[in-house]
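Engineer: Quick one: the structure is below, questions incoming.
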Amino acid sequence: MKVKEVDRKILRLLQEDSRRPFRKIATDLNISEPTLYNRVKKLQEERVIEGFTTIINPEAVGLTSLAFIMLAVEPSKEEEIINKLMSFPEILELHLLFGEKNILIKVRDRNIESMREFITKELKSIEGLLKVECYLSLKTRKETHMIPI
């Protein structure tokens, strides 16, 4: 699907506040509510819009530790390891990499001790894992879910 300029404007406004009433968005963009509804529905059908969610401050709910962990895995076990990693709620993101380290994961946990336990008891027990490098974030300066469109 080719995303038209009006769709980009809709997406920008929805990213800023997905709870913004359609009436207000339609007024701001000088289009009718039915047109807006149909465009959003089409964006959802085409998977340009994958969903609507609430963004939670992790520290406000007790998740104060953030780490980026790079993993080297046996190539023959990669798919099995990925499936195992996807089951851990602590893992927020999983990226496949080209290079010596095959996988990068973003992990949030309660504190440094619980992060250490997760790494030593859960991660390091996975068969086929060759190397684990953990980079603990000291402070987050920018984190966004906004796609620059």
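Engineer: Suppose we filter segment 88-121 for residues that are farther than 23 Å from THR64 by Cβ and loosely packed, with under 11 Cβ neighbours inside 10 Å; how many remain?
Structural biologist: So the count comes out to 4.
Engineer: Would you be able to tell me the number of residues in segment 73-100 that are under 25 Å from SER114 (Cα atoms) and either among the basic types (Lys, Arg) or in contact (Cβ under 8 Å) with a residue 60 or more places away in the chain (or both)?
Structural biologist: So the answer is 1.
Engineer: Considering only residues that are part of a loop (DSSP other than H, G, I, E, B) and over 21 Å from THR144 (Cβ atoms), which ones fall in segment 17-46?
Structural biologist: PRO21, ASN30, ILE31, SER32, GLU46
Engineer: Something else: Within segment 76-103, which residues are in a loop (DSSP other than H, G, I, E, B) and either more than 20 Å from LYS121 (Cα to Cα) or among the charged types (D, E, K, R) (or both)?
Structural biologist: GLU90, LEU97, PHE98, GLY99, GLU100, LYS101, ASN102
Engineer: Next question, about the same structure. Would you mind telling me which numbered condition in (1) within 24 Å of SER137 (Cα to Cα); (2) hydrophobic (A, V, I, L, M, F, W, C); (3) surrounded by fewer than 18 Cβ atoms within 10 Å (Cβ to Cβ); (4) modelled with pLDDT of 95 or more VAL48 fails?
Structural biologist: (1)
The values are calculated or read from the model by the stated rules, or taken from the named source; none is laboratory data. Quantities reported herein were computed from a predicted structural model and do not represent experimental measurements. Backbone-built Cβ (ideal geometry, glycine too); neighbour counts: all protein chains shown.
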